[in-house]
Amino acid sequence: MLKDFKAFISKGNVIDLAVGVIIGSAFTAIVKSFTTNLINPLIGIFMGTINLSNITLKLGSANFRIGNFINDVINFLIVAFIVFLIVRIYNRVTKRDTTTKDTKTDTLLGEIRDLLKEQQENNSQTK
């Protein structure tokens, strides 16, 4: 069982996934800091409060932290946009030639198809 676990862990996909999760966590922390320290004060200039997380809506005894939700939405949009850019760049870099080149077999089959079509038309004209 330990041997199987070692083989599983040493596979490339598992290591890649672990690295991706770690980098993703670090990137999320950077985005959160960017949002809290740069975006929120900029938005706060227009809203009159620097710290958006202090924006709450109180209904009865319930406190709805709208500012925290706004921060999380901004964080999500930034991360989603960066992931979109990464995937787009990756797809451009790894773009493969999707055009198929005719092989000799394809050319011969095309000629046979054309001859059969021509023969069928000649037979229908003679009848």
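The values are calculated or read from the model by the stated rules, or taken from the named source; none is laboratory data. Predicted model, so just to flag it, every value in this text is computed and none were measured. Because the Cβ atoms are built from the backbone with ideal geometry, glycine has one as well, and the counts that use them run over all protein chains shown.
When the stretch 59-84 is examined, which residues are found to be in contact (Cβ under 8 Å) with a residue 12 or more places away in the chain and in a helix (DSSP H, G or I)? Selection gives 67, 68, 70, 71, 74, 75, 78, 79, 82. Listed by first and then second residue, the pairs linking a residue in the stretch 15-35 that is closer than 18 Å to residue 74 by Cβ to a residue that is surrounded by 12 or more Cβ atoms within 10 Å (Cβ to Cβ), with Cβ atoms under 6 Å apart and 6 or more places separating them unless they lie on different chains, are 31/75; 31/78; 31/79; 32/75; 35/71; 35/74; 35/75.
Any idea which of 57, 108, 52, 38 is touching a strand residue (DSSP E or B) at 6+ places or on another chain (Cβ under 8 Å) and either at pLDDT 85 or above or not hydroxyl-bearing (Ser, Thr, Tyr) (or both)? I'd like the intermediate steps shown before the answer.
Numbers: 108 fails: touching a strand residue (DSSP E or B) at 6+ places or on another chain (Cβ under 8 Å); 52 fails: touching a strand residue (DSSP E or B) at 6+ places or on another chain (Cβ under 8 Å); 38 fails: touching a strand residue (DSSP E or B) at 6+ places or on another chain (Cβ under 8 Å).
Result: 57 is the single residue among 57, 108, 52, 38 that is touching a strand residue (DSSP E or B) at 6+ places or on another chain (Cβ under 8 Å) and either at pLDDT 85 or above or not hydroxyl-bearing (Ser, Thr, Tyr) (or both).
The set of residues in the stretch 3-15 that are at pLDDT below 75 and part of a helix (DSSP H, G or I) comprises 8, 9, 12, 13, 14, 15. For residue 95, the criteria (1) outside any helix (DSSP H, G or I); (2) at pLDDT 85 or above; (3) surrounded by fewer than 10 Cβ atoms within 10 Å (Cβ to Cβ) hold in every case but one, which is (2). Of 22, 45, all but one fail to be at pLDDT 85 or above and in a helix (DSSP H, G or I); the exception is 22.
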